[in-house]
Each structure stands twice: as C-alpha cells, then as structure tokens.
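**Student:** The structure that follows is given in the form of structure tokens.
The values are calculated or read from the model by the stated rules, or taken from the named source; none is laboratory data. Owing to the predicted nature of the structure, the values given are computational and were not obtained by experimental measurement. Virtual Cβ from ideal backbone geometry, glycine too; neighbours counted across all protein chains shown. What goes into the accessible areas is simple: the full protein's heavy atoms, side chains included, and nothing from ligands, DNA or RNA. Shrake-Rupley method; radii C 1.70, N 1.55, O 1.52, S 1.80 Å.
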Amino acid sequence: MRLLPNEEFAYRRVVIDRPLRTRFELTEENVRRLTTEAPFRNVFGRETLAESLGLLTGSSWATRNKALGVLRAAVRNGGETWPTTAGFQNAVSRLLRVPDPDGEIQKNGREIEADPALSESVDLPAHRNPEDHLRDEVRPRHPDAWIDPSKIRTGYEISLTHFFVAHINSDFDSLRRFARLETVKVTLSGDETGGSGWRHLNIQDLHDVDSAAALTEAPESRTAPMTLCRGGDLVGWPGNWRLLPPNFGEAVTSMFVLHPIEGRGRLLCEWLNSRPENPHSVRMTHRKLMDIQVPVDLLDDEIENCIEAVQESRRKIQAAASNTLPNVFSGNQTDIRRLRDEIRSAASEAGLVADLMRPVEDPVGRAEWTYPFHIASLARRYRISTHPAEQKDGLLKLGEGIARVLGILALSELIADQGGFTAALRGGQLRTGATFGTWTTIISRFADGPAAPRLPDLARLCDVGGIRDALAAIKRLRNSTHHSHGVRATHEIEKDVETLEPHVISAITTANWLAANPWDWVERCEYLDESSYRIVGLTLRGSHPSWEPFDRLSTSPLRPNRIYVNGAGGNPVDLWPLAVVSLCSRCHTRELFLLNQCQDETLILRSLEEHELEVTYPLPMPHE
C-alpha cells in the first residue's frame, strides 16, 4: 500500500497561445458584406463607390495599414467620409483578414491577438513550472508562443501512472521523454475547385496506404482543425499505431500524432501497440497518452534494428496473406459447375496453405526448416514420432542436439581465445566421449570467458534465464527419468513428454538466432582477381539430407572442405576441426560429423547415424 499526497493528483491546464497572423483580401463576398451589412453599408453602400470597389475586388495587402489606407482613399475619392473611430476600422480589418502563417501579427490595442486555431491546451503536473515547459518544450519550435496566466486552471485526476506495475526488469519513463506530441493544426478551407487541398489520413487507411498521394482529399465541410502528419511520424489511437514511411508526404488527420525523438519510432510503435486501450477506461487524453510508461533500457540502436526486421517481416506476411485464398465469389465465373470446381480447388489450396503455415506457427517446424542440419534433423525425428517412448527419446535427443551445436560454437570461441585447441580444452569429459553435461559445461565456460565473440549472437549464451536455464531443465529431467529401472507404463511416459516438451520448445525459441546464422560447407573456392573469389558449396540448413547449394562471390578466400558460420562484420568463422562434412566410408554418403571425443592429437567426430570419423589435429606449440 502507498499513501500519496493530494499534490500527486493535481495538474495545471495551461493554454499556450500563438499570435494570429493574417493578410488582407477584398473578395466578392467581402464587397457584398461591405455594401449590405452594418456598420459598413452607410459608408460603402453608396453608388459612388461601386466602381472603385469593383476595381479593387481580388486585391490583397500584406498589412492592416495598407489595406485600410487603400479603402480610405477609395472612399474619399468617391466623395464620402471615412469614419475615424477605432471600432469601425477594426471591424473592416477583421472582415478582410485571411489566416496566413507568414502574415502580419494582429493586435488588440497593444496586446498581441491569439490565433484560436493554433492555441494548445496542455496538462502539466502541479510541480511543473509552466514557464519551464514553455521554454524547454514549446519555444524551440514556436519562439513567438506565450502563456496567458489568466487561462491557467487547476484540476485533480487519478493518473494510471500511479498504478503502473512494470512486468519487465527495466527502468521506465514517460512517453513525453521520447516523443513530442504534434500540435500543428490545419484549418481546412476550400480552393477554387471546391476541395481543401489536404490529403486525409483516417483510421481505415492507416495501415494500408504508403503515400499521402494515395489518400482522398480532406472534406472542406469538416470544421474542426486537424493535425498535420508527415513521414517518420507515429500516428494512431491507443492500441493501433503506425510509424509512417519516411517518404510518406504530408497529410492531415484527427488521430494522435507523435514525433519520435532520436529515431526510436519503431520501438515506440511496437510498445504502444502492445497496450490496447481498455474499453471500460476513461477516454484517452493528450496527458494520459504522454504519461504512458516506456522501458528505457530497450531504447537503443540494436533493439530498434531488430524491431525493424520484425515489422518488415510482419508486413510481408500480411501482404502475402492478402493475396492468398481470395473470396471464392470475387471472380467473374457464372457457370455453377465451374464455380463448384473453383471452390473445390480453393479448398485444396487452403489445405496446402495450412501445411505451409505449420512451420511458421510451430517452433519445432521452424527448427526443422531453418536451423542447422544437426538440430533440424532431430526436430524432424521428434515431429514424426508417434509412440510416447519415441516422443520422449526424440525430445531428449533434440535437447542434447541443441546443446551440442551451441557447445561446438562456444568451443570454437574458446579455441580462438586461447590461441589453439589446447590440451586443457581437450581434457575432461571430451576424453571419454561428450555427453549432454559436456556441452552445457563448455557453454558455461564460454559464458564466463570471451567478452566479444566472433559470432555476435553467441553472446546470448551469457544471458541470465536464457538458453542455459532451458538446457539445464532438460538435463535434470533426463537424469531423473531416462535411467529409471523397470518397465514404465505408457501414461508415465506421456507425463514425462508433457513435462519435457515445454523446456525443449523454450530452448528452440531462445536459440532461434541459429536460423539466421547458417552453416556453409565450402566445396571449392575459385580465384577471380586479387579481391574477388567465387565460393561454391552447400548450406547445411533444414532436415533434408540433400543440402541446398550456393554460389556466391567473396572478397576473401575460404578453404575448401571447411564449414563456416558468418561472424561479426560478415567475417566467416571456421569450425574446423569441430565440425566436418565428409563422405562416410560405411554408407558412402556425405554426412555432417561433430566432435565427440578427444584422444590426444586424434579427434573422433560422430554423425547423426552414429558413424565415426577420425581427424588428426596436433596440439598447439607451447609458448616459450
């Protein structure tokens, strides 16, 4: 329980004014009003002024004095008297003025006249000095803005910020620190074609239009001012936001418009979209919006780039889905028999799409399609298993396979850090044959070792509560159930599978970066010129034994018959002698062999088929 003083709930509503700027025009409508309405008709309604006013119709003046001076001269030239009262002259100037952002500042006596269309109401915490807000937040954009103390009002409100509970381990700060609420208002006015000239961004077009040019024109009949938005702005409502493309152009909208600070728009968009507005809550206001708490520790370039990749992939999926399985009646087919055939064909295609979507929805399916071959093959074995005993064995082998692949990568970093595959690294359990515990030990050793691995994603092995915890849970379940004595009932094994599967799925999803770091086996490297080489080989990705061929250019040579993983800056990391592709002497098939045992200078590697390959790899020379 927290006790809060009354001041915590207080706020001050401050009106920020900006000067009214206008030019002065004599239009046909103005002439009509001057000649027919009070108090103008007694002066301008005389027949002697009709010709003079007709000649001046369409004229425009930059200042009030010039406009009044021309009209005064026209009246006197027509033999009439020009009233000298301030009230009459003010009435004429108000009739003629037209809002113009570059126009003359208007005054009432000695005081500057505020433009109602540009006035902005802001709710500030009671402890916040309005003048500090004006200086820090408003004057950098609008140097001529001011605050009228007579318009300040004090109110009280229970803000949701007081009840915010962080669900992630991060420091938080309000949205106003990372984005500026756009307050530039546009008052729609018609042109000679009858339109407003502004493109209108409404909620229906928010996620479908990439350019303001594709929007419809804003209706002139809309009297309420609208907010200006442009490329790079964050536009939307609570729970429904979009970061407009950089080349979007300019439009007007009735939605909230935020201008992200320091290029953090994608993260802010993702965060705001994760917080849908409660339909039972009070209406969202500018102050409530800017009070939304944002995780400070995630606002950096790395996370911004990651979210950009996520949102781009999401956009591609949505674009593909919009063209897949259209409405069966959207075509022009009129024959009922052919229409039946088309519907049956669509149903068949729907089944195909469902199969294609399975790897997207299922982590095991994604691993089978996109992870390095060793993990992908074990994922497939688990997926096609049917008996509970097979499923349990498949899960345990898949978990150990993930540990083995990560352990191979971690060991390659330890070898690079220590200047070679030393006797100390070859010792321990590697002498008798690697087990699940061997690889988790190597991973832990790596986590306490090199600070900047050649493979940047490998640094995630150091995260607390990440992949290491998932592997440890699998290992504990393996040790507590895998060696049970006697025949176990099917329902007991099914329970083991139910307990084990979430941990294996967690390990797969936590290590999903493996899919973005494929293992490439180089078959040959061809010299083209001093800085260009042609690399031909196979990508060891997915569960299919016929690996995918590649043929690409490289600025540096790579050794044939080696497996490489892309490291920092695109520099390949050589996995020799820990991972080898070789033609198996027993099955005469090309297989992937991973390190399993070290016997001094002889390394024994093993494939998924339990076939072995011996490799001689000398110990590094001791340093003198």
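**Student:** In square nanometres and to one decimal, what's the mean projected area of the convex hull around the Cα atoms of the chain? Before the final figure, lay out each step's value.
**Tutor:** Working: hull surface 196.7 nm².
Over all viewing directions, the chain projects a mean Cα-hull area of 49.2 nm².
**Student:** If each of Thr555 and Ser531 carries a label point 7 Å out from its Cα toward its Cβ, how far apart are those two points in nm?
**Tutor:** Modelled inter-label distance: 0.7 nm.
**Student:** Would you kindly state how much longer the chain becomes between Lys151 and Asn77 on full extension, computed as 0.36 nm times their sequence separation minus their alpha carbon distance, in nm to one decimal? Each step should come with its number before you reach the end.
**Tutor:** Details: separation 74, 0.36 × 74 = 26.64 nm, distance 4.60 nm.
The span from Lys151 to Asn77 would gain 22.0 nm if fully extended.
**Student:** Could you tell me which chymotrypsin sites (Phe, Trp or Tyr not before Pro) in segment 300-404 are loop residues by DSSP with no more than 12 other beta carbons within 10 angstrom of their beta carbon?
**Tutor:** Numbers: sites: Phe329, Trp369, Phe373, Tyr382; in loops: Phe329.
Here the chymotrypsin sites (Phe, Trp or Tyr not before Pro) that fit, given the DSSP loop and packing criteria, are Phe329.
**Student:** If each of Met621 and Asp171 carries a label point 7 Å out from its Cα toward its Cβ, how far apart are those two points in nm?
**Tutor:** 5.2
**Student:** Still on this structure: Residues with amide H under 5 Å of Leu181's amide H, sequence separation 5 or more or different chain, H placed in the peptide plane at 1.01 Å from N; which?
**Tutor:** Result for Leu181 returns His259.
**Student:** Can you give the angle from 0 to 90° between the axis of helix 336-361 and the longest principal axis of the chain, with both taken from C-alpha atoms, to the nearest 10?
**Tutor:** Approximately 70 degrees, to the nearest ten.
**Student:** Next up: Gain in length, Glu548 to Ala309, computed as 0.36 nm per residue apart minus the alpha-carbon separation, to one decimal in nm?
**Tutor:** Gain in length upon complete extension: 83.6 nm.
**Student:** Separate question: What translational diffusion coefficient, in µm²/s and rounded to a whole number, does the Stokes-Einstein relation yield for segment 34-113 at 20 °C and a viscosity of 1.002 mPa s, taking the hydrodynamic radius as the Kirkwood radius over Cα pairs?
**Tutor:** Numbers: Rh = 13.5 Å.
D = 159 µm²/s.
**Student:** For an R0 of 51 angstrom, estimate the FRET efficiency from the Cβ-Cβ distance between Ser60 and Arg344 and round to the nearest 0.05.
**Tutor:** Working: r = 69 Å, r/R0 = 1.36.
Computed FRET efficiency for Ser60 and Arg344: 0.15.
**Student:** Another question, if that's okay. Whose amide H sits under 5 Å from the amide H of Gly239, counting only residues 5 or more places off or on another chain, with H placed in the peptide plane?
**Tutor:** Answer set, sorted by chain and number: Arg275, Glu277.
**Student:** Let me see the P(r) profile for segment 337-496: every Cα-Cα distance counted, bins of 10 Å, each bin given as a percent of all pairs.
**Tutor:** Values per bin, smallest distances first: 9, 28, 29, 18, 9, 5, 2, 0.
**Student:** Could you run the Karplus curve 6.51 cos²θ - 1.76 cosθ + 1.60 with θ = phi - 60° over segment 290-304 and give me ³J(HN,Hα) per residue in whole Hz, x for Gly and Pro?
**Tutor:** Going residue by residue, I get 6, 7, 4, 7, 10, x, 5, 5, 9, 8, 8, 5, 4, 5, 4 Hz, with x marking Gly and Pro.
**Student:** For segment 450-594, what mean projected area does the convex hull of the alpha carbons give, in nm²? Present the calculation step by step, with values, prior to reporting the outcome.
**Tutor:** On the way: hull surface 49.3 nm².
Averaging across all directions leaves 12.3 nm² for the Cα convex hull.
**Student:** Next question. Leaving out ligands and nucleic acids, and using a 1.4 Å probe, what accessible area per residue does the chain come to in Å²?
**Tutor:** Values: 34910 Å² over 624 residues.
In whole numbers, the chain has 56 Å² accessible per residue.
**Student:** Further question on the same structure: For Val328 and Gln418, what is the calculated FRET efficiency with R₀ set at 51 Å and r taken between the beta-carbons, to the nearest 0.05?
**Tutor:** Numbers: r = 64 Å, r/R0 = 1.26.
Working from the Cβ atoms, E equals 0.20.
**Student:** Could you run the Debye sum over the Cα atoms of segment 423-510, one equal point scatterer each and no solvent, and tell me log10 of I(q)/I(0) at q = 0.13, 0.19, 0.21, 0.24 Å⁻¹, two decimals?
**Tutor:** With no solvent term, the Cα-only Debye profile gives -0.56, -0.97, -1.08, -1.22.
**Student:** How far is helix 86-96 tilted off the main Cα axis of the chain, in degrees rounded to 10, range 0 to 90?
**Tutor:** Roughly 50 degrees, rounded to the nearest 10.
**Student:** Also, I was wondering about something else. Relative contact order (percent) for the chain, with alpha-carbon contacts under 8 angstrom and 6 or more residues of separation?
**Tutor:** Working: 940 pairs, mean separation 56.0, N = 624.
That works out to 9 percent.
**Student:** Quick one: which residues, 5+ away or cross-chain, put their amide H under 5 Å from the amide H of Arg562? H built at 1.01 Å from N.
**Tutor:** Val522
**Student:** Extension gain Ala10-Gln318, at 0.36 nm per residue separation less the Cα-Cα distance, in nm? Display every interim value, and only then the final one.
**Tutor:** Values: separation 308, 0.36 × 308 = 110.88 nm, distance 4.47 nm.
Using 0.36 nm per residue and subtracting the Cα-Cα distance, I get 106.4 nm.
**Student:** In terms of Cα to Cα distance under 18 Å, which lysines are near enough to Lys475, apart from those fewer than 8 places away along the same chain?
**Tutor:** Straight-line reach from Lys475, under 18 Å: Lys392, Lys397, Lys495.
**Student:** Compute the separation of the alpha-carbon centres of segment 410-469 and segment 517-538 and state it in Å as a whole number.
**Tutor:** 28
**Student:** In terms of Cα to Cα distance under 23 Å, which lysines are near enough to Lys288, apart from those fewer than 8 places away along the same chain?
**Tutor:** Cα-Cα hits under 23 Å: Lys151, Lys185.
**Student:** Tell me what the chain gives for mean residue ellipticity at 222 nm when only DSSP H runs of n ≥ 4 count, each as -39,500 (n - 2.57), the sum divided by the residue total, rounded to 500 deg cm²/dmol.
**Tutor:** Working: 17 runs with 213 residues, N = 624.
Roughly -10500 deg cm²/dmol at 222 nm, from the helical runs in the chain.
**Student:** Could I ask something else about it? Quick one: Karplus J couplings for segment 468-479, per residue in order, coefficients 6.51, -1.76, 1.60, θ = phi - 60°, nearest Hz, x for Gly and Pro?
**Tutor:** So the Karplus estimates, Gly and Pro as x, are 5, 5, 5, 5, 5, 5, 4, 5, 5, 5, 4, 5 Hz.
**Student:** Can you list the HN-Hα couplings for segment 398-404, worked out from phi with the Karplus curve (6.51, -1.76, 1.60; θ = phi - 60°), rounded to whole Hz and with x for Gly and Pro?
**Tutor:** Each residue's phi maps through the Karplus curve to give 5, x, 5, x, 4, 4, 5 Hz.
**Student:** Select from segment 575-624 those trypsin sites (Lys or Arg not before Pro) which occupy a DSSP coil region and have at most 16 other Cβ atoms within 10 Å, ordered by residue number.
**Tutor:** The qualifying sites are Arg586.
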